[in-house]
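Read through the structure below, which is laid out as structure tokens, and then see the notes.
The values are calculated or read from the model by the stated rules, or taken from the named source; none is laboratory data. What you are looking at is a predicted structure, and each value in this text was computed from that prediction instead of being measured. Note that we place each Cβ from the backbone using ideal geometry, even for glycine, and neighbour counts take in every protein chain shown.
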Amino acid sequence: MKYKKINIGIVGLGQIGSRLYREIIFKKRDIELKTSTRVNILAISAKNSNKKRDFNFKRKIFYKNPLHISKDPNIDIVFELIGYSDGISKKIIETALKNKKHVITANKALIAKHGDYLSLLAEKNKVNLEFEAAVGGGIPILRTIKDGLSTNKINKVVGILNGTCNYILSQMETQNNSFSNVLKRAQRLGYAEPRDPILDLNGYDTLAKVRILSALSFNKKVSKNICLMNGIENIELEDIEMAKKLNFRIKLLGITEIIDGMLFERVHPCLVKKDTYIANINGVMNAVILNGDPVGESVLQGEGAGPGPTSSALMSDLLSILRGNIKYPFGTPFNKRKKIKPYDSKFYLNSLYLRIEVKDIPGVLSSITKVFAKNKISIKNLIQKPDKKNKKASIIIITHENYEKNYKNLLLNLSKNKFLIKKPTFIRIEKV
């Protein structure tokens, strides 16, 4: 049999890039059998050529300037695995596409920010821009939307899309341990960034993935809307324990849906009923629930982070290209994808969990409930937890459904209450 020959360049040799390099080398024969193609890693690039790595390579294939890989006429496919949303990462992809090279990346921040522009470049140059690894790690969620569900009308996507946050929340519950202690463990295990994990914790990472899912699911341009976004930084063990008593679990969810023809994207911690599917996704696992017509509800689950799952998704993109599948990056041509008006979040109707830390003195409860009444928010459940030793108390409140705009005013007014020790912790209750 006559085999095609394809040359590959890999930019970025961290955990992901190194794993990918080994996967391609070890699975060359498997790739040949499945695609009738012989692949050759012709170029690699990283910050430090002298760094000790767990694989050997010929020095002549190392490029100090990664842009030379994007311009090299002998390279057919470029992997960008650096991870910046701008700068050199964008330049590498942009240059490669302009030079008619296929590009594969795991860079969700860059695709969420520049995906429309880069997809147009790919279309103009009749090459692929693939980014399966940008969302859900090893879960083939993007390919499922683009291919398996391509004729369905998707109206809502709900997901646990950040393994770091899911691990922390799960461990806080099962190990009865504090947020700070579990975060340190997650950093030691490599689940969280050792220096600054804030982009995982504050919801930004999940929001980038939600934006990509929105564009693919609804055939729209990548949104730049200001969204509801809260992270898990303020959740304490007391909230985990209280959720358990109320038959809930806390999960950081990324949600995108179409409401009255408008796009509503949001990322925030949610109280979800213990007996729901999403409540029982634990550890570093990710899960996505798609609601479409006519398929109904589809569920995908798997490991959402780490070299193994990510390299699996990267290899999936590679084989798709090797089989000759030239596709629109977002499943639909650039000029057919329109901008969509954002749904006004102030009309989002939901119930709220609030934990309010107050001084334990007479008149406190009355003053708190008056603030709720003033903002026309009715209380469904109220629990008081006194701490006599420290002369303080926690007031736990579950509200009846109300509008987001009213909750915003409520929190503003509560923060002015003289009895409060610190800002209230609030978690939205989500029906999934």
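Please work out if I88 is surrounded by fewer than 20 Cβ atoms within 10 Å (Cβ to Cβ), closer than 25 Å to D200 by Cβ and modelled with pLDDT of 95 or more.
Yes, satisfied.
Conditions tested, residue by residue: (1) crowded, with 17+ Cβ neighbours inside 10 Å; (2) in contact with a helix residue (DSSP H, G or I) (Cβ under 7 Å, 6 or more places away or on another chain).
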position	(1), (2)
K58	no, no
I61	no, no
I69	yes, no
D72	yes, no
I77	yes, yes
I82	yes, yes
T105	yes, yes
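Does K52 satisfy the condition of being outside the structural domain of Y191 (by TED's automatic domain parsing), closer than 26 Å to G190 by Cα and either out of contact with any strand residue (DSSP E or B) (no Cβ under 7 Å at 6 or more places or on another chain) or crowded, with 19+ Cβ neighbours inside 10 Å (or both)?
Against the criterion (outside the structural domain of Y191 (by TED's automatic domain parsing), closer than 26 Å to G190 by Cα and either out of contact with any strand residue (DSSP E or B) (no Cβ under 7 Å at 6 or more places or on another chain) or crowded, with 19+ Cβ neighbours inside 10 Å (or both)), K52 qualifies.
Among the residues of region 1-38, how many are under 12 Å from L314 (Cβ atoms) and in contact with a helix residue (DSSP H, G or I) (Cβ under 6 Å, 6 or more places away or on another chain)?
Selection size over region 1-38: 5.
If a residue must be assigned to a strand (DSSP E or B), acidic (D, E) and in contact with a helix residue (DSSP H, G or I) (Cβ under 6 Å, 6 or more places away or on another chain), how many such residues does region 263-321 contain?
2
Across region 237-264, which residue is nearest to the chain's Cα centre (by Cα) among those that are of a type in the set (D, E, K, R) and over 17 Å from K221 (Cα atoms)?
Looking at residues that are of a type in the set (D, E, K, R) and over 17 Å from K221 (Cα atoms), I get K251.
I'm trying to understand the selection: among the residues of region 1-13, which are farther than 11 Å from I44 by Cβ and either aromatic (F, W, Y) or surrounded by 15 or more Cβ atoms within 10 Å (Cβ to Cβ) (or both)?
Selection gives Y3, I6, N7.
Just a yes or no: is a residue in region 270-281 in contact with a Lys or Arg (Cβ under 9 Å, 6 or more places away or on another chain), of a type in the set (V, I, T) and at pLDDT below 95?
no
Can you pull out the residues in region 186-203 that are within 20 Å of A287 (Cβ to Cβ) and outside any loop (DSSP other than H, G, I, E, B)?
Listed by number, the residues that qualify are A186, D200, L201.
Pick out the one residue from I361, I379 that is touching a residue at least 24 places away in the same chain (Cβ under 8 Å) and not aromatic (F, W, Y).
None of the other options fit; the residue is I361.
Go over the candidates I168, I160 one by one and state the one that is touching a Phe, Trp or Tyr at 6+ places or on another chain (Cβ under 8 Å) and of a type in the set (V, I, T).
Being touching a Phe, Trp or Tyr at 6+ places or on another chain (Cβ under 8 Å) and of a type in the set (V, I, T) holds for just one of I168, I160, which is I168.
Which residue out of A215, A243 is of a type outside the set (S, T, N, Q), out of contact with any Leu (no Cβ under 9 Å at 6 or more places or on another chain), in contact (Cβ under 8 Å) with a residue 24 or more places away in the chain and in a helix (DSSP H, G or I)?
Going through A215, A243 in turn, just one is of a type outside the set (S, T, N, Q), out of contact with any Leu (no Cβ under 9 Å at 6 or more places or on another chain), in contact (Cβ under 8 Å) with a residue 24 or more places away in the chain and in a helix (DSSP H, G or I): A215.
Is it the case that L201 is under 22 Å from D116 (Cβ atoms) and either surrounded by 17 or more Cβ atoms within 10 Å (Cβ to Cβ) or not assigned by TED's automatic domain parsing to the domain that holds I396 (or both)?
Spelling it out, it is not the case that L201 is under 22 Å from D116 (Cβ atoms) and either surrounded by 17 or more Cβ atoms within 10 Å (Cβ to Cβ) or not assigned by TED's automatic domain parsing to the domain that holds I396 (or both).
Of all residues in region 235-268 being touching a strand residue (DSSP E or B) at 6+ places or on another chain (Cβ under 9 Å) and among the small types (G, A, S), which is surrounded by the most Cβ atoms within 10 Å (Cβ to Cβ)?
The qualifying residue surrounded by the most Cβ atoms within 10 Å (Cβ to Cβ) is G254.
Count, please, the residues in region 386-418 that happen to be over 15 Å from G363 (Cα atoms) and either outside the structural domain of L365 (by TED's automatic domain parsing) or assigned to a helix (DSSP H, G or I) (or both).
The total comes to 13.
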